[in-house]
Each structure stands twice: as structure tokens, then as C-alpha cells.
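Each value in this text was obtained by applying a stated rule to the coordinates, not by laboratory testing. Only a predicted model underlies this, so the values are computations on that prediction, with no experimental measurement involved. Cβ placement follows ideal geometry from the backbone for every residue including glycine, while neighbour counts extend to all protein chains displayed.
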Amino acid sequence: MDAPAVGSSLLEMLSRDSMHAQDIENALQDIVRRFAEEGIPFALIGALAMRYHGFVRFTEDIDVLTTREGLDRIHERLVGRGIVPRGPRLRKGLRHAEFKVNIDVIQAGEHAGNAESPLVFPDPRSEAFEDRDGIRVPRLETLIQFKLTSGIWGKRLDDLGDVVNLIQANDLDESFADLLLPDVRAKYLELLDLSRREERLEE
């Protein structure tokens, strides 16, 4: 019996995903180069940062963390020169015009999740980040704290799912909780237990 044909619409979606992934790579390379030229401090956060810690998932945008001065300089030097706001008066919602990739900017000093969360985004030049391939990315404990805080206080369940995936990708255990803020340790341990139950079901 012949194998069933893959639907053309699925192939088209996969092709678009592949092309968009290349657009993200090109946009990121351009951002890294231009931010360096302008002396704009930044770190890569979000789904792309997860790749440096062993887990890859599809994303449609680039999330960057910078300082208040860095955001000002982005608008002074880069907006209108290949980077454009996604709407009127949007300072942090940007778009790379050539590659059609959204850029979401987080400012150091803001609370992760919402204003009531215990975690404030640190300066991208701080020790909470490390250099990987010429790009500042969060250390694993920093990234997991971002995700936990966003999941708990920002009600973003996808971020809690990301924590489960990071736990599994890095074979984390209970001792890792000691590196985290006290306010998020209980949720981390809950997700650690969930990840172990998932792994047992897959055996």
C-alpha cells in the first residue's frame, strides 16, 4: 500500500517555518552587529536563549533585554534605519523591516511577569548573564527564574512548560532549587516532580 501523501498545506507551513527561522537568524546577526557598533548593551532572552541551554523550540520573534539608555539609543540610532515600531508610540515592540521579524524589548529594572513579582530584570552586563558565541545570554538559573516568574505572576503557562523542558534537557534535580529565589522554589520543585512523572510515562 502506498504511503499517504503529505498535505500540500502542511508542506507549505513547514516551508514557511523554515524560511522564517532563516529570517530570524539573519535578523539576529544584524542586530548583534548593529548593537555592538552603537554600544548598546543587550542580552538575548526568551526562546532563543533556551537553545544555549539544550532545548530548541520554534519562535516567531527575538526577545532582547537592554538598559533604559540602551532603549533610548535604539530609537536614536536604529529606529527608522531598518528597525521600525510595530505601532504608534510603541517603544518596545519593534520589527526588523528587511527580514520581517518582530523584536520585543525588555528593559532592565522592570519586574518579570507583572509589577508584583519578586524578580526584576537585571542589567544585561551583570553576572546573571554569560557570553556565548559573542552574545550575552542568561545563565541557566537566571533563565529558569525568568520563566518561573513569568509563569507564576504573568500567568504564562507556556513559560512553565519551558521550565519542564529545561529541567529534562539539563537533568536537573532538587539541588538546583538552592540557586533560585525563595519565591519560585516551590513551583520549580513542583515542575521537577512533573518532569519526572512525564519521563516515567515515556519509558
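Listed by chain and number, the lysines whose C-alpha is less than 16 Å from the C-alpha of residue 155, apart from same-chain residues fewer than 8 away, are 147, 187.
Each peptide in 29-38, 147-156 receives the mean, over its residues, of other Cβ atoms within 10 Å, and ordering these scores from highest gives 147-156, 29-38.
The label-point distance for residue 29 and residue 201, in a model that sets each label 7 Å from Cα toward Cβ, rounds to 4.1 nm. Here is the list for region 117-176: GluC sites (Glu not before Pro) lying in DSSP coil, each with at most 14 other C-beta atoms within 10 angstrom of its C-beta, are 127.
One chain, two ends: residue 133 and residue 185. Fully extended at 0.36 nm per residue, the span grows by 15.7 nm beyond their Cα-Cα distance. Counting other Cβ atoms within 10 Å as a rough exposure proxy, the listed residues 72, 159 run 72, 159 from fewest neighbours to most.
The residues 75, 53, when put in order of fewest to most other Cβ atoms within 10 Å, stand as 75, 53.
Per residue of the chain, the DSSP helices (runs of n ≥ 4 H) give a summed -39500 (n - 2.57) that works out to -15500 deg cm²/dmol at 222 nm.
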